[in-house]
1. Part of a strand (DSSP E or B) and exposed (fewer than 15 other Cβ atoms within 10 Å of the Cβ), is that true of Thr25?
2. Can you tell me how many residues within the range 261-288 are crowded, with 18+ Cβ neighbours inside 10 Å and among the polar types (S, T, N, Q)?
3. Considering the range 51-68 alone, what residues qualify as being surrounded by 13 or more Cβ atoms within 10 Å (Cβ to Cβ) and either modelled with pLDDT under 95 or touching a Pro at 6+ places or on another chain (Cβ under 8 Å) (or both)?
4. Among (1) free of Cβ contacts under 8 Å to residues at least 24 places away in the same chain; (2) within 12 Å of Leu167 (Cα to Cα), there is one condition Arg261 misses while meeting the rest; what is its number?
5. Considering only the range 161-177, state which residues are of a type in the set (Ser, Thr, Tyr) and touching a residue at least 60 places away in the same chain (Cβ under 8 Å).
6. Only one residue in Arg277, Arg231, Arg283, Arg251 is more than 27 Å from the chain's Cα centre (by Cα), part of a helix (DSSP H, G or I), assigned by TED's automatic domain parsing to the domain that holds Gln172 and basic (Lys, Arg), so which one is that?
7. Given the options Gly11, Gly104, Gly64, name the one that is out of contact with any Leu (no Cβ under 7 Å at 6 or more places or on another chain) and not polar (S, T, N, Q).
8. Return the total of residues in the range 69-87 being at pLDDT 95 or above and of a type outside the set (Val, Ile, Thr).
Amino acid sequence: MQENSIYSMTGFGRGEAEESGVRVTAEIRSLNNRYFDFMQRAPRSLQNYESELRELCRRHVERGRLTLLLTETRSASAPPAVQFDSNLAANYARQLESLSESLGLKDEVKLSHLLAFPELLAPAGDTELSQLMLRLATAATEKALTELQKMRAAEGQALAADMKSRLEFIGQTTDEIEQYQKTLPARTLEKMKERLGRLSLPDNFDPYRLELELALLVDRMDITEECVRLRSHLTQSLETLQSPPAGAGKRLGFLLQELNREANTIASKTACLDISRLTVRIREEIEKLREQVQNIE
């Protein structure tokens, strides 16, 4: 797997390998999945190598639902793929003849009758043939994985570019929020004082205590820390896209969760309509980013 690349979890790859008159074709399709999930479909001659091929795919793919389809074609010079159990066939033939006599039938036992019993045919157990089939299946699957990773990398690059632009938009929106926040505490305090000035207050009220309570109320509305954490998560998200570690998709999913948490906190603390409007835009972008990150390995 290439380093410093974002990979999509969807893709397709195809590969072929041929030797001694036997050609094996491998096709791999991958879809989204939280974990690595592998399924193989293959003819009987290739079914015994599922564990080896699963491990091969596991070394290339971190997450995703992989389906490996194997097919084989043989020329006239290819070694036989199956062997006939002569002893078992002779036993079946004797039993069929005995049954025919006991029923008074005149039909003779033919080869076509014996071929109706699938247990008489088994994959060839020759060691050299087994090694050949594993070698071909492995080579074809490796080629298919190479093509699959090329497609996943190309799609991942497009996803990363789109996510980067959305994260940068969130950063610009955070700039606007911080501009409003600079003058918001003082303006909020003045508005509160104006409203209190229009009220009929009791003669024994403490103006200093009132001033303190107003200051504490405005302080609870301060969103500076939330903006700082929001920027930190944005920086980490962009760094992950730039130099993705293993499991970049999971890391990005966690960072988006934290971004959404800070945006929600800002929205709940502020009394400024302009800031509330901007947090809505941020949360809209985060939701789109969440949809994108679901397809990242």
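1. Details: part of a strand (DSSP E or B): yes; exposed (fewer than 15 other Cβ atoms within 10 Å of the Cβ): no.
No: the conditions fail for Thr25.
2. Number of matching residues: 2.
3. His60, Val61, Glu62, Arg63, Gly64 - these are the residues of the range 51-68 that are surrounded by 13 or more Cβ atoms within 10 Å (Cβ to Cβ) and either modelled with pLDDT under 95 or touching a Pro at 6+ places or on another chain (Cβ under 8 Å) (or both).
4. Single failed check for Arg261: (2).
5. Keep residues of the range 161-177 that are of a type in the set (Ser, Thr, Tyr), which gives 165, 173-174.
Matches in the range 161-177: Thr173, Thr174.
6. Details: Arg231 fails: more than 27 Å from the chain's Cα centre (by Cα); Arg283 fails: more than 27 Å from the chain's Cα centre (by Cα); Arg251 fails: more than 27 Å from the chain's Cα centre (by Cα).
Criteria check complete, one pass: Arg277.
7. Working: Gly11 fails: out of contact with any Leu (no Cβ under 7 Å at 6 or more places or on another chain); Gly64 fails: out of contact with any Leu (no Cβ under 7 Å at 6 or more places or on another chain).
It is Gly104.
8. Restricting attention to the range 69-87, the residues satisfying the condition of being at pLDDT 95 or above are 69-71.
Add one more test, that the residue is of a type outside the set (Val, Ile, Thr), and what stays is 69-70.
Qualifying residue count, the range 69-87: 2.
The values are calculated or read from the model by the stated rules, or taken from the named source; none is laboratory data. Computed from a prediction, not measured in an experiment: that's the story for all the values here. Quick reminder, even Gly has a Cβ in these numbers, built from the backbone with ideal geometry, and neighbours come from all protein chains shown.
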